[in-house]
Every structure is written in C-alpha cells, then in structure tokens.
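The values are calculated or read from the model by the stated rules, or taken from the named source; none is laboratory data. Computed from a predicted model, the values in this text were never measured in an experiment. Here the Cβ is made from the backbone with ideal geometry for all residues, glycine too, and neighbour counts use every protein chain on show. Just the protein is used for accessible areas: all its heavy atoms, side chains included, with ligands, DNA and RNA removed. Shrake-Rupley method; radii C 1.70, N 1.55, O 1.52, S 1.80 Å.
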Amino acid sequence: MMNKYQRQAMYKPFGEIGQSRLQDTHIMIFGAGALGSHCAEILTRMGAGSLTVVDMDVVELSNLHRQAVFDEADAAQLLPKVVALKKKLQKINSDVHITGLYQEITNNNIEALLKSYQPDIILDGMDNFAMRYLINEACHKQHIPWIYGAAVGSKGSVYGIDYKGPCFKCMLETMPQTGESCAINGVLPTVIYQVASMEVSELLRWLSGHGFSKKMITIDSFTLTFKTMNIDVLKQPQCQVCARQDYEYLNKKSTNKVEKQCGYTFLLRFNAMIFDHVDILPTKVVKTNAFAKLMTYKGYDMTLFKDGRMNVYGIEDELDAYTLYETLNKSLK
C-alpha cells in the first residue's frame with residue numbers, strides 16, 4: 001500500500017507518519033462544488049482513509065468550467081454532485097471509503113450530522129458566509145478543527161481554525177455585505193485549484209504534527225500575488241463564539257422559507273411532498289429524475305429537489321420571491 005503513495009511519503013516533513021495518519025483520518029467536506037470536489041479528488045488520490053462529502057445540489061453545465069471531476073453526462077442526468085463525485089472518486093482510488101450525503105446543511109441538523117459521523121476534521125467547500133459562521137460555531141462547540149476556504153473572481157483565501165482560535169468570528173465579527181459571489185462576479189478556475197490545494201496543504205500540516213500555519217493566506221490568480229498574515233493578532237478576548245460560547249447561528253430554531261442565494265437566485269423551501277405532486281403546480285416540468293426536477297414558470301427556471309427545496313433563478317427582488325412562494329404553496333393546499 002505504501003508503494004502507492006511512496007512519492008508523497010518520501011517528502012520528509014510529511015513522511016510515512018503523515019501518510020499513516022491520513023489513512024486513519026475521517027475527513028468531512030461540506031460542499032461538493034468547486035472547492036469541495038477538488039479537495040476530495042486530491043485527498044482521494046493521496047489515500048485518505050475515509051471521506052464524507054455533504055452537498056445538496058445537482059451537477060449543472062455552468063459548473064463544468066471549474067469543477068473538473070464532473071462532466072456533461074452528469075449534468076444531462078441531473079445527478080446529485082455527491083453521487084457523481086463518489087462514482088468518479090471510487091474509480092480513482094478504490095481503497096478510500098467515500099460517503100456521499102445528498103442533503104442540506106442547516107442549523108437544525110449540523111450538530112446531529114457531526115455527532116453521527118464523527119469526523120476528525122472538516123474542510124470548507126461552501127459558498128456563503130452565513131454557512132461558515134454556522135460551521136464555526138458547530139466545530140467550536142464539538143471541538144472539531146476546520147479549514148476555511150473561499151474563492152470569488154480571481155481571489156481566494158484559506159485559514160486553518162482550531163478550538164484555541166482565533167476563530168472565524170474573531171476574524172469577521174460581522175458578516176460582510178459586499179454582495180460578491182461567483183454568480184455575480186464570476187470566478188476563474190485557476191483560483192479554485194489554488195485554494196483547494198492550500199486547504200489540503202493545511203490539512204497535511206495538521207496531520208503530520210506541524211499544526212496549522214496560523215496564517216491567513218490570500219491569493220490572486222490573475223495578478224499573481226500571494227500574501228500571508230499572522231492571524232494570532234486577531235484573537236478577540238471577548239469573542240462571542242470562542243470566548244463566550246454564545247452560538248447565535250446554532251441556536252436559531254427556524255429555517256427561512258425564502259432565502260437569498262448567490263446572484264439572482266432564491267431558495268424556496270416546501271414540504272417534501274411537493275416533489276411527488278408537481279402535477280398540481282402551475283409549472284412546466286422540463287426534465288426529471290429520482291433526485292431533482294427542472295421546471296419553468298413565468299420566465300423563471302427552477303430546480304426542485306427531492307427534500308422540497310427549490311432554487312429559482314432570475315429573481316432580483318425579495319418581494320417577488322415571496323409572492324412566488326405563496327403562489328406555489330397555495331397550489332399544494
């Protein structure tokens with residue numbers, strides 16, 4: 001087995017100890033999109049012992065320019081990313097135990113998810129700050145280290161976070177309101193590869209006993225600049241999360257029925273029974289399988305998922321999103 005990974009184990013700072021620990025570690029990746037799928041591929045090729053990937057989305061053609069594991073056939077079949085990803089990764093390395101969880105991560109289920117699967121460490125492959133605040137709180141509460149990674153445009157950032165902090169809340173006390181997203185600002189595939197590689201590099205340091213770098217790493221793949229900043233100076237003695245254990249996002253008990261996503265997209269949440277009763281909706285089904293349905297309604301494109309979630313594309317105004325939700329919900333009554 002070691003011959004399979006000999007070239008990486010020959011690198012002394014990582015070595016056979018790091019390789020052995022990698023094969024004994026359960027790594028959970030939140031998100032199977034650009035960052036998450038690339039992290040999963042690297043770790044599969046390196047011989048990670050166990051990977052659990054959690055994602056709620058299906059493969060779309062717009063993903064393929066930056067999510068190299070997927071292909072046009074996956075998009076044509078509306079395959080969930082975790083299903084397509086597991087299939088591809090098992091062909092790369094059948095020795096890695098891979099679990100794909102086709103579900104949304106929310107404040108209502110994240111703690112149960114972590115307690116049930118008991119990962120040793122978590123890698124961030126999400127695409128919004130609210131989710132990262134939630135991950136930060138859940139990981140701090142359960143003493144699980146995690147590695148933050150983000151990319152938009154040509155820029156990316158990475159930081160490894162442990163229980164001692166500084167935590168994500170220390171660094172960003174209030175949620176950024178820049179409105180930047182891949183859907184609005186675009187994203188270069190090159191920065192995705194760089195950020196995913198840096199996330200895995202922090203993991204390799206942690207596994208081999210060197211610990212996280214304690215640096216905020218920022219990259220610009222277009223201007224070809226690379227910066228690091230010592231994060232210890234940002235530790236907040238009265239941090240809401242890592243000092244006071246006040247878990248704002250975890251303690252929210254309700255889930256919004258209408259929620260703004262990246263770009264001109266809104267997420268609508270219905271009862272799961274909607275998936276089997278689309279015939280009573282005023283929508284047109286364009287494509288369907290056991291996991292998702294593509295639909296249209298009054299110029300809007302929609303993706304309906306098996307658990308009742310619906311992504312609606314092209315809505316700019318929140319009031320319009322609520323009106324649409326009420327219209328569809330009334331059809332179900």
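In this structure, is Ser254 over 18 Å from Asp57 (Cβ atoms) and within 25 Å of the chain's Cα centre (by Cα)?
Judged against the criteria, Ser254 is a match.
Scan region 42-57 for residues that are open to solvent by 10 Å² or more (accessible area, probe 1.4 Å) and either at pLDDT below 95 or under 14 Å from the mean Cα position of the chain (by Cα) (or both) and jot them down. Listed by number, the residues that qualify are Asp55, Met56, Asp57.
Give the residue, chosen from Asp320, Asp232, that is among the acidic types (Asp, Glu) and at pLDDT 90 or above. Give the steps one after another, and end with the answer.
On the way: Asp232 fails: at pLDDT 90 or above.
Going through Asp320, Asp232 in turn, just one is among the acidic types (Asp, Glu) and at pLDDT 90 or above: Asp320.
Every condition in (1) within 30 Å of Glu173 (Cβ to Cβ); (2) touching a residue at least 40 places away in the same chain (Cβ under 8 Å); (3) open to solvent by 10 Å² or more (accessible area, probe 1.4 Å) holds for Val258 except the one numbered (3).
Just a yes or no: is a residue in region 58-79 under 19 Å from Tyr117 (Cβ atoms) and at pLDDT 95 or above? Can you show your working first?
As a first pass, look at region 58-79 and keep what is under 19 Å from Tyr117 (Cβ atoms): none.
No, because not a single residue in region 58-79 is under 19 Å from Tyr117 (Cβ atoms) and at pLDDT 95 or above.
Of all residues being of a type in the set (Lys, Arg) and over 14 Å from the mean Cα position of the chain (by Cα) in region 75-105, which is nearest to Cys139 (Cα to Cα)? Just the residue, please.
Checking each candidate, the answer is Lys86.
In region 289-299, how many residues are closer than 13 Å to Leu328 by Cα and open to solvent by 50 Å² or more (accessible area, probe 1.4 Å)? So that I can check it myself, show each step before the final result.
Our first condition is that a residue be closer than 13 Å to Leu328 by Cα; within region 289-299, this holds for 295-298.
Of the ones still in play, those that are also open to solvent by 50 Å² or more (accessible area, probe 1.4 Å) are 298.
Residues in region 289-299 being closer than 13 Å to Leu328 by Cα and open to solvent by 50 Å² or more (accessible area, probe 1.4 Å): 1 in total.
Only one residue in Ile98, Ile92 is modelled with pLDDT of 95 or more, open to solvent by 50 Å² or more (accessible area, probe 1.4 Å), in contact with a Lys or Arg (Cβ under 8 Å, 6 or more places away or on another chain) and not hydroxyl-bearing (Ser, Thr, Tyr), so which one is that?
On the way: Ile98 fails: open to solvent by 50 Å² or more (accessible area, probe 1.4 Å).
Answer to the selection: Ile92.
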